[in-house]
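The values are calculated or read from the model by the stated rules, or taken from the named source; none is laboratory data. On a predicted model such as this, the values are computed, not experimentally measured, just so you know. Here the Cβ is made from the backbone with ideal geometry for all residues, glycine too, and neighbour counts use every protein chain on show. Surface areas here come from the heavy atoms of the whole protein model, side chains and all, with no ligands, DNA or RNA. Shrake-Rupley method; radii C 1.70, N 1.55, O 1.52, S 1.80 Å.
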Amino acid sequence: MISRGERVANYVILSVFAAFALYPIVVILSAALGTADSGGTAGLANFAAAWEIGRFGDYLRTSLAVSAFVVVVSVVLSIMSGYAFGTMRFRGRSVLFYLFMLGIMMPSEAVAVPLYFDLRTLGLIDTFWSISLPQVALSVAFGTFWMRAYFLGANRAIVEAARIDGATSWRILWQVLLPPARPAVVTLIVLVFMWTWNEFLIPLIMVTSESLRTAPLGLAFFQGQYTSGFTLLAAGSVIVATPVVVFYLFLQRHFVRGLLQGAVRE
């Protein structure tokens, strides 16, 4: 049983780490609500000014479209590939799985330039697909690893019972195994959404049109091109980060449950 002193020490340590994590957020919010360097706006008006000057509405729409596409496609593909690697036996299974794992071990910085030339050959540079498809490939690698771990720990008795009843592999996946896998799937959705939304290098290399800039890329161009002050830049940073924070808070309970038990089951 934990003593009172140990409990107090735990709270003190957690409070220190919480303060350390929240301090940068407080600084950015304070700067965003302060008086602009030009002296023209202050408070919430800074967000309106940053939104209008930086064209963040267009950038957020692009980021939302890219993130939605990447999340839907990569999660569906990850569920199917994870199910195949976790429950089926076929020739070359191990070799193919390790090929998938190369997508986790290979950073995006190492493949960005070859990808650029490949997509240029296909005529996809400076299009929606040049931003989305590479991120789908990178996300499927981790998603396959994540969902495979879940399906490896799935209840074999339920699967065998479904097979005896004549259920096909497709029906076993979507109607038997997937409903209990909701925490693992939601965790994967949150992670892929956060990674896709915050991706900077791939949009920077693959697109030149302003209409295809994502929110982080638009924020980088906003600094220096439209403003040299810190106040409006801080307001723009808050605007760009808000969708990720809201999305995480909305799915926080499922996300934490998935981290604790969704991917590793007894």
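Heavy-atom accessible surface of Tyr116, to the nearest 10 Å², is about 70 Å², with a 1.4 Å probe and all protein chains retained. On the protein heavy atoms, probe 1.4 angstrom, tell me the percent of accessible surface of the stretch 116-183 carried by carbon and sulfur. Carbon and sulfur atoms account for 62 percent of the accessible area of the stretch 116-183.
For the peptides 20-30, 79-89, 136-146, 117-127, residues were scored by their other Cβ atoms within 10 Å and the scores averaged per peptide; the highest-first order is 136-146, 79-89, 117-127, 20-30. When the chain is treated as a Gaussian network with alpha carbon springs shorter than 10 Å, the biggest mean-square fluctuation among Ile13, Ile164, Ile53 belongs to Ile13.
Starting from the Kirkwood Rh over alpha-carbon pairs, what translational D in µm² s⁻¹ does the stretch 50-124 have by Stokes-Einstein at 37 °C and 0.692 mPa s? Before the final figure, lay out the partial values.
Working: Rh = 15.8 Å.
For the chosen part, D equals 208 µm²/s.
Taking a ≥ b ≥ c as the square roots of the Cα gyration tensor eigenvalues, with a/c under 1.5 meaning rounded and otherwise prolate when a/b beats b/c, else oblate, which class fits the stretch 116-256? Let's see the in-between values first.
Working: a/c = 4.23, a/b = 1.90, b/c = 2.23.
Verdict is oblate for the stretch 116-256.
Comparing Val176, Val246, Val16 in a Gaussian network model of the chain (Cα springs below 10 Å), the most mobile by mean-square fluctuation is Val16.
A 1.4 Å probe run over the protein chains yields, for the chain, 57 Å² of accessible area per residue, whole-number rounding. Scaled against the 2.2 N^0.38 Å expected of a compact globular protein of N residues, the Cα radius of gyration of the chain reads 1.23.
In angstrom, the C-alpha Rg and Dmax of the stretch 76-117 are 13.1, 37.
Per DSSP helix of 4 or more residues, -39500 (n - 2.57); summed, then divided by the residues of the chain. What does that give at 222 nm, rounded to the nearest 500?
Working: 12 runs with 194 residues, N = 266.
Estimated from H runs of four or more residues: -24000 deg cm²/dmol.
Largest GNM mean-square fluctuation across Arg253, Arg156, Arg91, computed for the chain with C-alpha springs under 10 Å, falls on Arg91.
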